Amino acid sequence: MIKRQDYIEYLPVKECNKCQASLLDSEPVKYIERQVFEPGRPGEFEVTAHRAEVKICTCGCRNQAEFPEGVTAAAQYGSATQAMAVYLNQYHFLPFKRVSEYFNTLYKMSVSAGTVANFVARTYENLASTEEVIRDALRESSVAGADETGMRAEGSLHWLHVMRDEQWTLYYLSEKRGREAMDTMGILLTFAGVLVHDHWKSYFAYAATHVLCNAHHLRELLGVVDRDSNQLALRLMKLLRLSWHYCKGFKTIGMLQMPSVVCERIEKIYDRLLQRALMKEVVYMEKQREELKRKKVKNTKAYNLFKRLTEFKAETLRFMSDFTIPFDNNGSERDVRMAKLKQKISGCFRSADGGSMFARIRSYLSSARKQGMDIYQSLHRAVRNYCNMPLLSAE
């Protein structure tokens, strides 16, 4: 404790805890003080002293005033300091040591890197029930996107999985990429809505209505065009883009799906282009087989792409039959992109626990931002959520 106090809050004892007699007129026998440190103006910090009265009742009972919730130590950092530290570390990805330097430089506060880590761990614990609310909301979502990206933790490759919609985001870090991790994440086993993804095979194990990301298709088609100068792939790209342009136009005038006449015409062109593209690749592979004098040659990348677009035609063009379905999975890619940014700024996680804390806190922050909430104020509520109440509502 320090002698300086910028603010003093007196906590009175009003009645006896034992006999309920009034103690308003009784003199305190002493005060018990606890100090809370918070950032002040640049270059200094502020100290609030909470002084609790101690009074002795005529019945002999010793009574002490209660301190505010969260004020538990003789000297401690306040909720604003904790929220700011977690904000810098979890939202702006500053390493623990850099956050410590920030407080020391701007406010002359000796907040150690270990203390910042404790703030993050406490916030993680306070958001357990909120994470369940996010998970329950995504289970009931009508249209959700899914993606995953590699992250380094404990010196090895882990996978950060994401499930999201326009209101909610849930991150989950696992050593696995496939179905085992997706099952443990706890959403897809009971998810019955539309699932948008990038054709990772594990997603097809779930009984959802599948939609494939056309941004991935466009990138793959562009690769075929650049590599092989394939004009049929270029025409397929133009067809997909034109189809999405039509959908946005019809949506602006209040329609819920593309007119059947237009939809059928697009599908016929789609089928014809893929049929011609597949035949061209078959002829090319047969020519290669004869030149190399082999029984079989490896399928070209273009052939595999065209075959996939043919077999998964419904999943590729489903956006035309329901305008609530997106054309691509760019929302999931945007939500997962911050993981790469985190690794570039502050590196990998030293432990899987650190990754789990990051995933839960970022799930809360991403969901709060999507719902129009202030990020810092949301974190301030989280660090003060001592009873672990849900901070977001699914209603």
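The values are calculated or read from the model by the stated rules, or taken from the named source; none is laboratory data. Because the structure is a prediction, the values reported are computed rather than measured. Heads up, the Cβs are rebuilt from the backbone with ideal geometry, glycines too, and the neighbour counts pull from every protein chain shown. All accessible areas refer to the heavy atoms of the entire protein, side chains included, with ligands and DNA or RNA removed. Shrake-Rupley method; radii C 1.70, N 1.55, O 1.52, S 1.80 Å.
What to note about this one:
- FRET E, pair Glu291, Leu157, Förster distance 41 Å, beta-carbon r, rounded to 0.05: 0.55
- Between the stretch 95-149 and the stretch 316-387, the alpha-carbon center distance in angstrom: 11
- GluC sites (Glu not before Pro) lying in DSSP loop within the stretch 114-156, provided at most 16 other Cβ fall within 10 Å: Glu140, Glu154
- Accessible surface of the stretch 265-395 [probe 1.4 Å, protein heavy atoms]: carbon and sulfur percent: 50
- DSSP-loop trypsin sites (Lys or Arg not before Pro) across the stretch 128-221, with at most 15 other Cβ within 10 angstrom: Lys176
- Chain lengthening between Glu27 and Gln371 when straightened (0.36 nm per residue, less Cα-Cα): 118.8 nm
- For Pro95, net neighbour charge (Lys/Arg +1, Asp/Glu -1) across residues whose Cβ lies under 13 Å away: +4
- Shape call, the chain: gyration tensor on alpha carbons, a/c limit 1.5: prolate
- Solvent-accessible surface of the chain, averaged per residue with a 1.4 angstrom probe and all protein chains in place: 53 square angstrom.
- Within the stretch 151-180, backbone nitrogen closer than 17 Å to the virtual label 7 Å beyond the Cα of Glu132 toward Cβ: none
- Normalised contact order of the stretch 223-297, rounded percent, pairs of Cα under 8 Å and 6 or more residues apart: 26
- Its relative contact order, with pairs defined as Cα atoms under 8 Å and 6+ residues apart, puts the stretch 155-239 at 16 percent.
- Neighbours of Ser79, meaning other residues whose beta-carbon lies under 12 angstrom from its beta-carbon, give a summed charge of +1 when Lys and Arg score +1 and Asp and Glu score -1.
- DSSP beta bridges in the chain [antiparallel fraction, %, rounded to 5]: 65
- Qualifying GluC sites (Glu not before Pro) in the stretch 1-60, DSSP loop, other Cβ atoms within 10 Å at most 16: Glu44
- D (Stokes-Einstein, µm²/s), Kirkwood Cα radius, the stretch 258-315, 0.890 mPa s at 25 °C: 191
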